[in-house]
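K.L.:
Here's a structure for you.
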Amino acid sequence: MGKVSLDELKSCELCEWRCGVNRLQGELGVCMLEGPKVASTMLHPAPPQSFTVFMAGCNFRCLNCQNWSIAHVPEQKVSLRGKIHPKVLAGEAVNKLNSKRGKYMGADRIFFSGGSPTPSLPYIEMVVEEAREIDKKLKINYDTNGFLTEKSLDRVLDFASSITFDIKAFDDRIHRELTGAPVQPVLRNARTVAEKALEKLWEFRYLLIPGVNEKDVEPLSSFLYEIDEEIQLNFLAFRSNFVLEDHPGVKRKALDRAVTIAENTGLKNVSWSGSPSLFEESEKEDIRDIRKRKGCIDPQRDCGKCERMLECPVKKYDPGCKR
Ligand code: SF4
Ligand code: SF4
């Protein structure tokens, strides 16, 4: 990995927005993050069991975000752990993994998540370097929304032992509606991981949102099948959240249907997880109407070019439920 520093944040091009801003001088790109900050850390029982580090900030503005309070700092006022020296965080991670509870849980890696870890990539590399000074075989998981440059992805593939990769939609218009970003770089990176590093791919994850991205299950599954029939695809159960706080959760039968559709394309390792909705089907409002009603003005939903990029009603959105 070599010598890493935060210097590249002086002209940040870590993700496909390629903002070129000087984050160390307070200039803000789409992620609106200056220096890397740790939101929280915990031993986490979800597979792969880990010491999970949630980094603050995100380069997407997903209407359905489940971690909205940390993804949308500084617009959301939430208490963070903040700046932690990489050596301190690395030591803490190794200690927690070696603790009785860590061992009992089967936790065997540091799992970088968020928000999105990509705006914090150089910091993560520093933590990894320090952690592997202590235990050179330590495993690392990188959790990604796929919107990183090819160069950043190469860096991730260099240190990651496993990758959990979220794909939000296959169709560009739906991907933009959900995230504010185009889908092409995500699919390009998905292909790279699946073709060049399948052994590192823990799974692709697809949050199934009723009435929004169900139609993309078949084309996405066919796309993955054409790369490798053994690819692991896991559908996650959407629950009402953030800007989509009134949108109904997904039913079990829709998750089962998604698995069948994906298997029918030829994929061999398809599953679903999470908690399906137990409520009766309720009316679904078109997400274009929800987005407009909640203040997102751009019909293209292209956050990188939007005149409200730094004054974004989605990043400031205050859902009824607090956490
Ligand atoms: S959105 Fe991406 S390119 Fe822009 S400042 Fe943030 S990490 Fe850098
Ligand atoms: S208002 Fe603009 S910046 Fe905010 S979510 Fe909509 S398109 Fe993106």
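The values are calculated or read from the model by the stated rules, or taken from the named source; none is laboratory data. Not measured: the values here are computed from a predicted model. Don't worry about glycine lacking a Cβ; one is built from the backbone with ideal geometry, like all the others, and counts go over all protein chains shown. Ligands, DNA and RNA are stripped out before the accessible areas are found, and what is left, the full protein with its side chains, is counted by its heavy atoms. Shrake-Rupley method; radii C 1.70, N 1.55, O 1.52, S 1.80 Å.
K.L.:
Based on what the data block shows, is I297 of a type in the set (V, I, T) and either within 16 Å of ligand 1 (Cβ to nearest atom) or open to solvent by less than 40 Å² (accessible area, probe 1.4 Å) (or both)?
P.N.:
So I297 fails the test.
K.L.:
Residues of the range 249-293 being over 30 Å from P313 (Cα atoms), in contact with a helix residue (DSSP H, G or I) (Cβ under 6 Å, 6 or more places away or on another chain) and not β-branched (V, I, T), which ones?
P.N.:
A258, A262, G266, L267, W272
K.L.:
Also: Any idea which of (1) hydrophobic (A, V, I, L, M, F, W, C); (2) farther than 25 Å from R188 by Cβ; (3) not in a loop (DSSP other than H, G, I, E, B) is the one C312 doesn't satisfy?
P.N.:
Among (1) hydrophobic (A, V, I, L, M, F, W, C); (2) farther than 25 Å from R188 by Cβ; (3) not in a loop (DSSP other than H, G, I, E, B), the lone unmet condition for C312 is (3).
K.L.:
Among the residues of the range 43-77, count how many are closer than 24 Å to C306 by Cβ and either open to solvent by less than 50 Å² (accessible area, probe 1.4 Å) or touching a residue at least 40 places away in the same chain (Cβ under 8 Å) (or both).
P.N.:
Matching residues across the range 43-77 total 22.
Quick grid of which residues meet (1) assigned to a strand (DSSP E or B); (2) under 27 Å from G29 (Cα atoms); (3) small (G, A, S):
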{"residue": "A107", "(1), (2), (3)": "no, no, yes"}
{"residue": "S116", "(1), (2), (3)": "no, yes, yes"}
{"residue": "R132", "(1), (2), (3)": "no, no, no"}
{"residue": "K136", "(1), (2), (3)": "no, no, no"}
{"residue": "Y142", "(1), (2), (3)": "yes, yes, no"}
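K.L.:
If you don't mind, another one. From the list G115, G106, pick out the single residue that is over 22 Å from E34 (Cβ atoms) and touching a residue at least 40 places away in the same chain (Cβ under 8 Å).
P.N.:
Just a single option satisfies the conditions, and that option is G106.
K.L.:
Another question, if that's okay. Checking V212 against (1) farther than 22 Å from L14 by Cα; (2) within 17 Å of the chain's Cα centre (by Cα), which single condition isn't satisfied?
P.N.:
Condition not satisfied by V212: (2).
K.L.:
Also, quick follow-up: Just a yes or no: is a residue in the range 84-93 more than 16 Å from ligand 2 (Cβ to nearest atom), surrounded by fewer than 19 Cβ atoms within 10 Å (Cβ to Cβ) and part of a loop (DSSP other than H, G, I, E, B)?
P.N.:
Yes, the range 84-93 contains at least one residue that is more than 16 Å from ligand 2 (Cβ to nearest atom), surrounded by fewer than 19 Cβ atoms within 10 Å (Cβ to Cβ) and part of a loop (DSSP other than H, G, I, E, B).
Per-residue answers, yes or no, for (1) acidic (D, E); (2) within 16 Å of ligand 2 (Cβ to nearest atom):
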{"position": "D256", "(1), (2)": "yes, no"}
{"position": "T265", "(1), (2)": "no, no"}
{"position": "S277", "(1), (2)": "no, no"}
{"position": "C296", "(1), (2)": "no, yes"}
{"position": "K305", "(1), (2)": "no, yes"}
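K.L.:
Does at least one position in the range 280-294 carry a residue that is within 19 Å of F60 (Cα to Cα), open to solvent by 70 Å² or more (accessible area, probe 1.4 Å) and within 16 Å of ligand 2 (Cβ to nearest atom)?
P.N.:
Within the range 280-294, one or more residues are within 19 Å of F60 (Cα to Cα), open to solvent by 70 Å² or more (accessible area, probe 1.4 Å) and within 16 Å of ligand 2 (Cβ to nearest atom).
K.L.:
What tally of residues in the range 32-74 results from selecting those that are assigned to a strand (DSSP E or B) and within 16 Å of ligand 2 (Cβ to nearest atom)?
P.N.:
0
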